[in-house]
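A.B. asks: I have a structure here, written as structure tokens, and I will follow up with some questions on it.
Every number here is computed from the coordinates shown, using simple stated rules; none is lab data. Computed from a prediction, not measured in an experiment: that's the story for all the values here. Cβ sites come from the backbone with ideal geometry, for glycine too, and all protein chains shown count toward neighbours.
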Amino acid sequence: MAKQAQEKKGGKSGGKSGGKSGGSAKKKTADSLPPVRLRLRERYEQEVRAGMQERFKYDNPMEIPRLEKVVVNMGVGEAIANPKTLENAVAELIAITGQQPVITKARKSISNFKLREGFKVGTKVTLRRQRMWVFVDKLFNIVLPRIRDFRGLSPKAFDGRGNYALGLKEQILFPEIDYDKVDQVRGLNICIVTTAKTDEEGAEFLRLLGCPLRAQ
């Protein structure tokens, strides 16, 4: 009887322990990231905020511009005839950004291009928080310097509200992409969204972050 009671007690303990373990596992998500040093965010906190305050004399510290999000988009018109190209673009965007992208679809039909509304024509990802800082750091310090005969970015690509857009002709500029494994060279568009209210603020903000903008 004592042995049976001991076995019964042990069974309860095992079941309870297993339940806790399962609950803990549920808390972990595939999108979670290990802690990394965010160099660009440190620079923002330690240098950029002070530099912006000195230049623009904000009444409220909350007015100091900050990075809000980065949108990376790949147009894949070839997907109309060859869906495999879209799969490859998605895989490359995952490698470049570390995040699962969404598929973009045509908003209207264009008969000349045999394009119908709803056709899958591209892929994009919106980066925030940690992934955003890591991506922008890589863009400024690794990717852009790889462009042949690079002389800086145009200061005229702001949208009037402090946001900056640029296009890259080759995804192979990113270190995560192996040139020998790509099916084709394809470009991508990047939009850096800030909370700056004017293009002047946005330009100074990005320069202080290390963005290689040419002088006007």
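A.B. asks: Of all the residues that make up the range 158-201, how many are part of a loop (DSSP other than H, G, I, E, B) and of a type in the set (A, V, I, L, M, F, W, C)?
C.D. replies: The total comes to 5.
A.B. asks: Could you grab me the full set of residues in the range 58-71 that are farther than 18 Å from residue 164 by Cα, in a loop (DSSP other than H, G, I, E, B) and not aromatic (Phe, Trp, Tyr)?
C.D. replies: Matches in the range 58-71: 59, 60.
A.B. asks: Restricting to the range 170-206, what's the tally of residues that are of a type outside the set (A, V, I, L, M, F, W, C), touching an Asp or Glu at 6+ places or on another chain (Cβ under 7 Å) and surrounded by 14 or more Cβ atoms within 10 Å (Cβ to Cβ)?
C.D. replies: Adding up the residues that qualify gives 3.
A.B. asks: Also, I was wondering about something else. For the condition surrounded by fewer than 15 Cβ atoms within 10 Å (Cβ to Cβ) and over 28 Å from residue 57 (Cβ atoms), what is the one hit in 146, 161, 131, 214?
C.D. replies: Numbers: 161 fails: over 28 Å from residue 57 (Cβ atoms); 131 fails: surrounded by fewer than 15 Cβ atoms within 10 Å (Cβ to Cβ); 214 fails: over 28 Å from residue 57 (Cβ atoms).
It is 146.
A.B. asks: Could you check the range 164-206 and list, in sequence order, the residues that are free of Cβ contacts under 8 Å to residues at least 40 places away in the same chain and under 17 Å from residue 134 (Cα atoms)?
C.D. replies: Scanning the range 164-206 gives 173, 175.
A.B. asks: Going through the range 44-57 one residue at a time, which ones are exposed (fewer than 15 other Cβ atoms within 10 Å of the Cβ) and either assigned to a strand (DSSP E or B) or without any contact (Cβ under 8 Å) to a residue 60 or more places away in the chain (or both)?
C.D. replies: 45, 46, 50, 53, 54, 57
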